[in-house]
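Novice: Below is one structure. I have some questions about it.
The values are calculated or read from the model by the stated rules, or taken from the named source; none is laboratory data. Just so you know, these numbers come straight off a predicted model, no measurement behind them. When we count neighbours, we look across all protein chains shown, and the Cβ atoms used for this are built from the backbone with ideal geometry, even at glycine. For accessibility, only protein heavy atoms count, side chains too; no ligands or nucleic acids. Shrake-Rupley method; radii C 1.70, N 1.55, O 1.52, S 1.80 Å.
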Amino acid sequence: MFWQEDVETLAQDKLQELQLKNLNETLQTAKKSQFYSKKLANIGFLKNLSDLKNLPFTEKQDLRDAFPYGLLSVDLSDVVRVHSSSGTTGNPTVVFHTEKDLREWANISARCMYTAGARKTDIFQNTMGYGLFTGGLGFHYGAEKLGMMVIPIGPGNSQRQIWFMKNFKVSAAHILPSYAVRLYHAMRDSGVNPKTDLNLKIFFIGAEPHTEELRREIQDLYGVKAFNSYGLSEISGPGVAFECLQQNGMHIWEDYVIPEIIDPDTLEVLPDGQDGELVLTTINRQAMPVIRYRTRDLTKIITGVCPCGRTHRRIERIKGRTDDMMIINGVNIFPVQIEKTIMNIPEAGKNYIIEITKQNFMDKLNVKIEINDETFGGTLEELERLKAKIQAKLKEETGVSPNVSFVDRGSLPAAEGKAKRVYDLRNEKK
Ligand code: ADP
Ligand code: ZN
């Protein structure tokens, strides 16, 4: 049931003892870098875990400013690999690994998949990008460590994905939620029914924000259990937090990171159960530890213990990034609110984009949705009624009146990596 029972079920007070010890070691390591030697110059040995809140934050911009080697805490000759973030919100940041860092990363990634029920008998297809992006190699080494047979297929080429899934009786796959929707359509177009023609049982989905509604949809379409996987390259990559079989929040592995939730405006640390920004401190990395790293991801720590027996606390599904927030005529909206509404309307397709434009000095929210030709074969009149229904539901959820339009299936831009859902065209020249 457990990958490492002793540490996964360690009592919280023992876990905190371990954290304090490893945090102090990490601070010593971090101070060997140019960046932290200055930033932590006045910081000595911490007596209590609660002293962490007095340490300065590390921001994404710090990593960019210190490019390329400013945060490197070991001799360059001990570095065996470099990765970078996807660059979703700006210039990518680089992250270094020693051989031990890679071993630990593979271990935590294996623990995640084991926690979600994967075993060495599984055949695992990894549809994430290999290379600098951490989703591919991060899961790859974890899956091998777990002992699964790995198909390192990488992203794209849906026909080839289906061919491998079918011929190798693939039982587990790592897939972007947005790509899972597109792959399902490709299957349907080629006459493959994933529920009856394939052997899929487990999906690991993550790397981009998605709603509970989309997860359920993916589970229904494929007849699988889909587990939420959270990570970011600055902390290694995937493997930071993962759902167990309860599918009720992601266990954040507290022997690898110390999580804090802060109010992103006042920067004050919030108690468990309150929404805010996730801040992470690594406590077992060598090449590039990060101290109080502001992830910009919005979530909360779930209170209460998980029935699975793991003592590591859980974080809630990521609501979005602080920089994902759209301000439409003064109203704050997150893209996931739009997704949630669309997923609750069965006639609407599952693929959508959001465009923000300006009309007569006013912001306009435009939502373009692919029509679901499986559930909707209606007349123009019915289409108008459906549009009005979606508009009303979106207004109810977000507080602004959107403009909804339908597009043909397959006509929205399809990214090979993370889906780009929001296009802010307010500053575009006409
Ligand atoms: P980038 O920040 O450039 O996208 P990464 O590839 O390191 O670079 O992606 C990490 C980010 O992806 C996280 O900070 C988070 O915003 C998002 N992310 C990762 N996993 C999830 C998930 N399960 N749910 C929502 N967002 C996620
Ligand atoms: Zn659990």
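Novice: In the stretch 362-379, what count of residues is obtained for those that are more than 30 Å from Asn193 (Cα to Cα) and open to solvent by 50 Å² or more (accessible area, probe 1.4 Å)?
Specialist: So in the stretch 362-379, the residues more than 30 Å from Asn193 (Cα to Cα) come out as 362-366.
Filter once more, so that each one left must be open to solvent by 50 Å² or more (accessible area, probe 1.4 Å): 362, 364.
Adding up the residues that qualify gives 2.
Novice: Checking the structure you have, find out if any residue of the stretch 89-112 is open to solvent by 80 Å² or more (accessible area, probe 1.4 Å), of a type in the set (Phe, Trp, Tyr) and in contact with a strand residue (DSSP E or B) (Cβ under 9 Å, 6 or more places away or on another chain). If you could, list the steps in order and put the result at the bottom.
Specialist: Kept after step one, since they are open to solvent by 80 Å² or more (accessible area, probe 1.4 Å), are these residues of the stretch 89-112: 91, 99, 103.
Filter once more, so that each one left must be of a type in the set (Phe, Trp, Tyr): none.
For the stretch 89-112, residues open to solvent by 80 Å² or more (accessible area, probe 1.4 Å), of a type in the set (Phe, Trp, Tyr) and in contact with a strand residue (DSSP E or B) (Cβ under 9 Å, 6 or more places away or on another chain): absent.
Novice: So Asn199 ticks every box in (1) surrounded by fewer than 16 Cβ atoms within 10 Å (Cβ to Cβ); (2) part of a helix (DSSP H, G or I) but one. Which box is left unticked?
Specialist: Single failed check for Asn199: (2).
Novice: Let me ask another. Restricting the search to the stretch 232-251, which residues are away from ligand 2 (no atom under 11 Å from the Cβ) and either more than 17 Å from Leu176 (Cα to Cα) or of a type outside the set (A, V, I, L, M) (or both)?
Specialist: Residues satisfying the conditions are Ser233, Glu234, Ile235, Ser236, Gly237, Pro238, Gly239.
Novice: Quick check on the stretch 155-190: of everything there that is free of Cβ contacts under 8 Å to residues at least 60 places away in the same chain and among the basic types (Lys, Arg), which residue is farthest from Arg421 (Cα to Cα)?
Specialist: So the residue we want is Lys169.
Novice: Right, another one. Looking at Leu72 and the list (1) in contact with a strand residue (DSSP E or B) (Cβ under 6 Å, 6 or more places away or on another chain); (2) open to solvent by less than 60 Å² (accessible area, probe 1.4 Å); (3) assigned to a helix (DSSP H, G or I), which single condition is not satisfied?
Specialist: Tallying (1) in contact with a strand residue (DSSP E or B) (Cβ under 6 Å, 6 or more places away or on another chain); (2) open to solvent by less than 60 Å² (accessible area, probe 1.4 Å); (3) assigned to a helix (DSSP H, G or I), Leu72 fails exactly one: (3).
Novice: List the residue pairs whose Cβ atoms are under 7 Å apart, where the first residue sits in the stretch 1-21 and is part of a helix (DSSP H, G or I), the second is of a type in the set (A, V, I, L, M), and the two are 6 or more positions apart or on different chains.
Specialist: Gln16/Leu49; Gln19/Leu49; Gln19/Ile258; Gln19/Ile283; Leu20/Leu46; Leu20/Leu49
Novice: Any residue at all in the stretch 252-265 that is part of a loop (DSSP other than H, G, I, E, B), open to solvent by 50 Å² or more (accessible area, probe 1.4 Å) and either of a type outside the set (Asp, Glu) or under 22 Å from Leu27 (Cα atoms) (or both)? Talk me through it step by step, then tell me what you get.
Specialist: The initial filter retains those residues of the stretch 252-265 that are part of a loop (DSSP other than H, G, I, E, B), namely 253-256, 263-265.
Retained after the next criterion (residues that are open to solvent by 50 Å² or more (accessible area, probe 1.4 Å)): 265.
With the extra rule that they be either of a type outside the set (Asp, Glu) or under 22 Å from Leu27 (Cα atoms) (or both), the set shrinks to none.
No: the stretch 252-265 contains no residue that is part of a loop (DSSP other than H, G, I, E, B), open to solvent by 50 Å² or more (accessible area, probe 1.4 Å) and either of a type outside the set (Asp, Glu) or under 22 Å from Leu27 (Cα atoms) (or both).
Novice: Next question. Here is a list: Lys340, Lys350, Lys300, Lys319. Which entry is among the basic types (Lys, Arg) and within 13 Å of ligand 1 (Cβ to nearest atom)? Reasoning before the result, please.
Specialist: Details: Lys340 fails: within 13 Å of ligand 1 (Cβ to nearest atom); Lys350 fails: within 13 Å of ligand 1 (Cβ to nearest atom); Lys300 fails: within 13 Å of ligand 1 (Cβ to nearest atom).
Among Lys340, Lys350, Lys300, Lys319, only Lys319 is among the basic types (Lys, Arg) and within 13 Å of ligand 1 (Cβ to nearest atom).
Novice: Which condition does Gly330 not pass, out of (1) at pLDDT below 95; (2) closer than 26 Å to Lys60 by Cβ, if it passes all the others?
Specialist: Among (1) at pLDDT below 95; (2) closer than 26 Å to Lys60 by Cβ, the lone unmet condition for Gly330 is (2).
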